[in-house]
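Read through the structure below, which is laid out as structure tokens, and then see the notes.
Values in this text are rule-based calculations from the coordinates and carry no lab data. Since the structure is predicted, the reported quantities are computational estimates derived from the model, not experimental observations. Heads up, the Cβs are rebuilt from the backbone with ideal geometry, glycines too, and the neighbour counts pull from every protein chain shown.
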Amino acid sequence: MGGMGKTALSVKLAEQVQGKFDYLIWRHAPSRQELLADLVLILSGQQDVKLPESADSQISCLMKYLRQHCCLLVLDNVESIF
């Protein structure tokens, strides 16, 4: 439900804990494809990484990078995707 203050609460929390993470990544309702590509690009140090075709392989690629970095990922308004 919109208008409950979830974003404001998320912003406050992110401000308080951001120093504990290598990356703080905030995205507003991205598609799965956009999100995976964007996260891999950021976490790879902006290297030109070719994402695999299948969703499972793309997620595996992302997981490889997530194991290397401590990240706080905030997906704002993600309920609109569902």
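Numbers at a glance
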read-out: Sum of side-chain charges, Ala37 neighbourhood, beta-carbon under 14 Å (Lys, Arg +1; Asp, Glu -1); value: -1
read-out: Assigned charges on the beta-carbon of Lys, Arg, Asp, Glu; the chain dipole about Cα centre (debye); value: 220 debye
read-out: Packing-based ranking, highest mean first, of 33-41, 9-17 given that Cβ atoms within 10 Å are counted; value: 33-41, 9-17
read-out: Within straight-line cross-link reach of Lys20, lysines at Cα separation under 18 Å, skipping those fewer than 8 residues along the same chain; value: Lys12
read-out: Kyte-Doolittle mean at least 1.6 and Cα axial length at least 27 Å: DSSP H helices in the chain; value: none
read-out: Hull volume in cubic angstrom per residue (convex hull over the Cα atoms of segment 21-80); value: 80 Å³
